[in-house]
1. Could you tell me which of the residues 97, 48, 83, 87 is touching a Gly at 6+ places or on another chain (Cβ under 7 Å), of a type in the set (Lys, Arg) and modelled with pLDDT of 95 or more?
2. So the check is Cβ under 9 Å with 6+ separation or different chains; which pairs have a first residue in segment 78-91 that's crowded, with 18+ Cβ neighbours inside 10 Å and a second one that's among the aromatic types (Phe, Trp, Tyr) and assigned to a strand (DSSP E or B)?
3. If you go through segment 100-115, how many residues are farther than 22 Å from residue 144 by Cβ and either in contact with a Gly (Cβ under 7 Å, 6 or more places away or on another chain) or in contact (Cβ under 8 Å) with a residue 40 or more places away in the chain (or both)?
4. Go through segment 8-22 and report how many residues are of a type outside the set (Asp, Glu), closer than 15 Å to residue 39 by Cβ and touching a residue at least 24 places away in the same chain (Cβ under 8 Å).
5. Please state which of the following conditions residue 177 fails to meet, knowing it meets all the rest: (1) in contact with a Lys or Arg (Cβ under 9 Å, 6 or more places away or on another chain); (2) under 23 Å from residue 52 (Cβ atoms); (3) in contact (Cβ under 8 Å) with a residue 40 or more places away in the chain.
6. Only one of (1) free of Cβ contacts under 8 Å to residues at least 60 places away in the same chain; (2) at positive phi is not met by residue 62, so which one is it?
7. I need the full set of residues from segment 31-61 which are in a loop (DSSP other than H, G, I, E, B) and more than 21 Å from residue 121 (Cβ to Cβ), in order please.
8. Could you list, in sequence order, the residues of segment 94-139 that are touching a Leu at 6+ places or on another chain (Cβ under 7 Å), crowded, with 19+ Cβ neighbours inside 10 Å and among the small types (Gly, Ala, Ser)?
Amino acid sequence: MNEQVIGYIESIVKERPALISEMEQYAVVHNVPIMELVGIEALLGMLRIQQPKVILEIGTAIGYSALRMAGALPEATVVTLERDEERFEAAQGFLSRSEDGKRVVTLFGDALELAEEVGKHGPYDAIFIDAAKGQYLKFFELYSGMLAENGVVYSDNVLFKGLVAEEQVEQKRIRNMVKKLQNYNAWLMNHEEFDTSILPVGDGIAISKKRGEQR
């Protein structure tokens, strides 16, 4: 999607509440990665169709997407994980200022070490992965078993600025991350228990629908 089209879509998106706009500005000033506007709007659209009651988010950052999801789904609870203390505290501050934030459960720690605590709040109708890109496959393997029947896993940033389609990436650190995302995408698309589609919106969103029992 080219910049002109993205700009057009952003220009007609409904105005966000003041707190959400404040969080968007905070993210810019403090260099905190949050979902691109077109991407979050697409995710919220899919969630409105699915209507999950319990959502697990891996990667809170400042609570932007968690609060957006809670706002879009008045009957849903969002359980969200964050390992960065400064961002975790910022998220709690923002969430405490919103009624929707009362339906967001924040857990502090490394997502790869919180499975026992996370399991207490499940099963989950939807899982949203938006954390360390190099760990996506591990996150999926660890938490997809907590999905409810017909659950969906949404993975953000799977196109990584289009770099996953490049034949060569110069910087070694970026190249390693791209390789892991390429492996993750291929693994998802060939998973025996999930049907996956990748949408080229925002930074790329993979939608992995858990298959039901074969009849």
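The values are calculated or read from the model by the stated rules, or taken from the named source; none is laboratory data. No experiment lies behind these values; they were computed from the predicted model shown. Counting neighbours? That spans all protein chains shown, and the Cβs are built from the backbone with ideal geometry, glycine included.
1. On the way: 97 fails: touching a Gly at 6+ places or on another chain (Cβ under 7 Å); 48 fails: touching a Gly at 6+ places or on another chain (Cβ under 7 Å); 87 fails: touching a Gly at 6+ places or on another chain (Cβ under 7 Å).
The unique qualifying residue is 83.
2. The qualifying pairs are 78/128; 79/124; 80/128; 81/108; 82/108; 83/108; 88/108.
3. Here is the first cut: in segment 100-115, the ones farther than 22 Å from residue 144 by Cβ are 100-103, 108.
After this cut, where a residue has to be either in contact with a Gly (Cβ under 7 Å, 6 or more places away or on another chain) or in contact (Cβ under 8 Å) with a residue 40 or more places away in the chain (or both) as well, the list is 100.
Total satisfying the criteria: 1.
4. 3
5. Tallying (1) in contact with a Lys or Arg (Cβ under 9 Å, 6 or more places away or on another chain); (2) under 23 Å from residue 52 (Cβ atoms); (3) in contact (Cβ under 8 Å) with a residue 40 or more places away in the chain, residue 177 fails exactly one: (2).
6. (2)
7. Our first condition is that a residue be in a loop (DSSP other than H, G, I, E, B); within segment 31-61, this holds for 31-36, 51-53, 59-61.
The answer is 31, 32, 33, 34, 35, 36.
8. 101, 111, 126
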